[in-house]
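**Q** A single structure is presented below for examination.
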Amino acid sequence: MRILFGDRLWILKLAVAAGLLAALCHRARREFAEAFPSYRSIPVYFENQRGKTFYLWAKAVVAAAPDGFDIQTDVGRFRVVSPERPPAGERVSIVGRATGPRTIEAAAVQRNEGLAWKRPVNYAVSIGTFLVFLLWVRRRFRWPIRDGFFRSRT
Amino acid sequence: MPDLLTHLASARVPGAFLRDRRVQALLIFGSFLPDVVSKTLYWAAWTPSDFLEPLHSPLGLLLLSYAAALFVEESLRRPAFAALFGGALLHVAVDMLKDNLGSGSSALFYPFSTREYELGWIDPENVVLLIPLDVAVLALMAWLERRLGRVPQ
């Protein structure tokens with residue numbers, strides 16, 4: 001434990017921890033992209049993506065359809081086959097299977113009511129909380145630049 | 001992500017029972033750590049979200065907490081690591097309350113599995129509605145600290 005938490009070879013330990021974390025993240029990028037492919041690949045590689053499950057977050061409903069509704073995404077419109085009928089303009093999140101190059105059969109639809117104000121409020125509260133925390137914690141720690149460490153004041 | 005006020009409130013509950021204010025502050029910082037690091041990389045460096053998945057998984061947070069603890073003075077480093085890692089795990093537990101339609105918020109067993117887990121209790125966007133509850137919890141914890149004479153050193 002003393003080896004792990006001592007000052008000796010401090011920079012080497014930091015480099016090893018950062019390197020292992022970077023390697024883990026690099027591996028995750030490949031594995032999660034395979035396990036959870038993006039809906040953006042459906043129109044281009046439909047035959048490979050047929051039947052796979054996709055998650056689409058907070059997409060705008062643009063029109064009703066006889067078998068569901070249409071949503072707008074950054075790669076164009078998709079038809080969502082669903083018994084749900086959210087009104088045009090509403091934001092919805094969807095989990096569903098790709099059944100056509102631009103068709104998704106929804107397993108679940110979540111209406112994201114009030115997304116336009118809830119998301120900014122979430123970020124504003126989070127940033128405000130973090131800044132207040134930094135001011136509060138400043139009284140407990142100082143930053144001697146020459147040491148490159150945080151040091152407590154007590 | 002639930003807002004950081006919700007994470008602050010959740011970390012203040014165990015934090016209220018810590019006497020050392022420095023460790024208490026590190027526990028709270030640990031509960032911010034997954035979002036502070038992943039959102040900074042996502043927004044500032046345009047890092048793909050798949051790359052950031054380990055920052056909400058226990059093994060990734062273990063490495064991140066250890067790296068962060070190295071910036072704390074040697075005498076405090078071991079409790080600092082425990083507080084940072086404990087706070088980060090608390091963050092993951094709170095994130096798991098969200099309902100992402102079964103797609104989950106945390107790959108608990110990554111790198112052994114990419115399966116993501118959630119309890120699905122609250123719409124992710126509705127976490128802002130918890131703000132009054134967060135404020136109440138923070139006030140209650142501050143009152144409890146004083147009442148029980150647990151005002152940390």
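The values are calculated or read from the model by the stated rules, or taken from the named source; none is laboratory data. Quick caveat, the model's predicted, so the values are computed rather than measured. Don't worry about glycine lacking a Cβ; one is built from the backbone with ideal geometry, like all the others, and counts go over all protein chains shown. Note: areas computed on protein heavy atoms with side chains; ligands, DNA, RNA excluded. Shrake-Rupley method; radii C 1.70, N 1.55, O 1.52, S 1.80 Å.
**Q** Can you find, within region A:32-48, the residue that is farthest from the other protein chains (Cβ to nearest Cβ) among those that are among the hydrophobic types (A, V, I, L, M, F, W, C) and more than 14 Å from the chain's Cα centre (by Cα)?
**A** Our first condition is that a residue be among the hydrophobic types (A, V, I, L, M, F, W, C); within region A:32-48, this holds for A:32-33, A:35-36, A:42, A:44, A:46.
Filter once more, so that each one left must be more than 14 Å from the chain's Cα centre (by Cα): A:35, A:42, A:44, A:46.
Numbers: A:ALA35: 4, A:ILE42: 16, A:VAL44: 18, A:PHE46: 21 Å.
Among residues in region A:32-48 that are among the hydrophobic types (A, V, I, L, M, F, W, C) and more than 14 Å from the chain's Cα centre (by Cα), the one farthest from the other protein chains (Cβ to nearest Cβ) is A:PHE46.
**Q** Among residues belonging to region A:73-114 that are under 21 Å from the mean Cα position of the chain (by Cα) and among the β-branched types (Val, Ile, Thr), point out the one that is surrounded by the most Cβ atoms within 10 Å (Cβ to Cβ).
**A** A:ILE94
**Q** What residue, of B:ASP35, B:ASP95, B:ASP50, is among the charged types (D, E, K, R) and touching a Leu at 6+ places or on another chain (Cβ under 7 Å)? Steps first, please.
**A** Details: B:ASP95 fails: touching a Leu at 6+ places or on another chain (Cβ under 7 Å); B:ASP50 fails: touching a Leu at 6+ places or on another chain (Cβ under 7 Å).
Selected residue: B:ASP35, the only one of B:ASP35, B:ASP95, B:ASP50 that is among the charged types (D, E, K, R) and touching a Leu at 6+ places or on another chain (Cβ under 7 Å).
**Q** If the requirement is being aromatic (Phe, Trp, Tyr) and modelled with pLDDT of 90 or more, which of these qualifies: A:PHE149, A:PHE133?
**A** Details: A:PHE149 fails: modelled with pLDDT of 90 or more.
Every option except A:PHE133 fails the conditions.
**Q** Moving on. Out of everything in region B:93-114 that is closer than 21 Å to A:ALA108 by Cα and more than 12 Å from every other protein chain (Cβ to nearest Cβ), what residue ends up being most open to solvent (accessible area, probe 1.4 Å)?
**A** B:LEU97
**Q** Listed residues B:LEU55, B:LEU70, B:LEU4; which is at the interface with another protein chain (Cβ under 7 Å from one of its Cβ atoms), open to solvent by less than 20 Å² (accessible area, probe 1.4 Å), over 23 Å from A:ILE3 (Cα atoms) and without any contact (Cβ under 8 Å) to a residue 40 or more places away in the chain?
**A** Details: B:LEU55 fails: at the interface with another protein chain (Cβ under 7 Å from one of its Cβ atoms); B:LEU70 fails: over 23 Å from A:ILE3 (Cα atoms).
Exactly one of B:LEU55, B:LEU70, B:LEU4 is at the interface with another protein chain (Cβ under 7 Å from one of its Cβ atoms), open to solvent by less than 20 Å² (accessible area, probe 1.4 Å), over 23 Å from A:ILE3 (Cα atoms) and without any contact (Cβ under 8 Å) to a residue 40 or more places away in the chain, namely B:LEU4.
**Q** Filter region B:14-31 for residues that are closer than 17 Å to B:GLU73 by Cβ, open to solvent by 20 Å² or more (accessible area, probe 1.4 Å) and either among the aromatic types (Phe, Trp, Tyr) or without any contact (Cβ under 8 Å) to a residue 12 or more places away in the chain (or both) and give the result.
**A** B:PHE29
**Q** Inside region A:90-109, can you point out the residues that are assigned to a strand (DSSP E or B) and in contact with a Pro (Cβ under 6 Å, 6 or more places away or on another chain)? Can you show your working first?
**A** Just the residues of region A:90-109 that are assigned to a strand (DSSP E or B), to begin with: A:91-100, A:103-109.
Matches in region A:90-109: A:VAL92 only.
**Q** Something else about it: For region B:73-86, enumerate the residues that are hydrophobic (A, V, I, L, M, F, W, C), facing another protein chain (nearest Cβ under 10 Å) and open to solvent by 10 Å² or more (accessible area, probe 1.4 Å).
**A** Our first condition is that a residue be hydrophobic (A, V, I, L, M, F, W, C); within region B:73-86, this holds for B:76, B:80-85.
Those left that are additionally facing another protein chain (nearest Cβ under 10 Å): B:76, B:80-81.
Residue satisfying the conditions is B:PHE81 alone.
**Q** (1) acidic (Asp, Glu); (2) in a helix (DSSP H, G or I); (3) at pLDDT 95 or above: which one isn't true of A:ASP70, the others all being true?
**A** The single condition A:ASP70 does not satisfy is (2).
**Q** Still on this structure, please answer the following. Counting just the residues of region A:40-67 that are in contact with a helix residue (DSSP H, G or I) (Cβ under 9 Å, 6 or more places away or on another chain) and part of a helix (DSSP H, G or I), which one comes out nearest to B:LEU63 (Cα to Cα)?
**A** Once the filter is applied, the top-ranked residue is A:SER41.
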